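Throughout, read-outs are computed from the coordinates displayed, never taken from laboratory work. Note that the structure is predicted; figures quoted are calculated from it, not measured. Cβ placement follows ideal geometry from the backbone for every residue including glycine, while neighbour counts extend to all protein chains displayed.
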Amino acid sequence: MKKVIVDSNIIFSGLLYSGKPSEVLSLLRGRGFRLLIPADELDEIRTVFKRKVSYKGYLLEGFLGMTKAKIIPTKKYRGLIPTAAGLIEDKKDAPILACALAVKPDYFVTGDKDFLTRDIREKVNTLSPSEFLRRCREERSKQ
């Protein structure tokens, strides 16, 4: 089973709108993937849903249940936050990057260009939604 971390903008956009993020989430609902969500990111996602579309919070909770998402406790990656902060421009993104560094997912899918730098890609298999979808199509065609 492939371990996948997706950032909050993929989850938010994917649950509310059609497009690449929605396609990514559709794939994650299927077999063969295990969604990993850093505890800090889950707090952020719930806050954004509550602030922007509180009446649609059921979409998030349903998605989490359907994918059997595994929540990664902060203690698993807290020690890597300073390292992550040194790699990323927006320091508020350091916890999710630290989690990716700690758990080494097969894929870290993000629409945030700050994560798509060479330095980060050398440490974590970071892909845009389009790259992730293309990779999944290529892997399926080889089976």
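Some points to look at:
- For the stretch 16-71 and the stretch 88-143, distance of Cα centres in Å: 17
- Residue among Lys68, Lys52, Lys104 with the largest mean-square fluctuation in a Gaussian network model of the chain, springs linking Cα atoms under 10 Å: Lys52
- For the chain, modelled as a GNM whose springs connect Cα atoms under 10 angstrom apart, the maximal fluctuation among Arg78, Arg118, Arg29 occurs at Arg118.
- Compared with the direct C-alpha span, the chain from Lys123 to Asp90 gains 10.1 nm at full extension, assuming 0.36 nm per residue.
- Length-normalised contact order for the chain - Cα pairs under 8 Å, 6+ apart - percent: 27
- Environment charge at Lys52 (Cβ cut-off 13 Å; Lys +1, Arg +1, Asp -1, Glu -1): +3
- Cross-link table Lys50/Lys123; Lys104/Lys142; Lys2/Lys113; Lys70/Lys142; Lys75/Lys123, entries beyond 30 Å C-alpha to C-alpha: Lys50/Lys123
- Computed over the chain with a Gaussian network model linking Cα atoms closer than 10 Å, the most mobile of Pro129, Pro82, Pro38 is Pro82.
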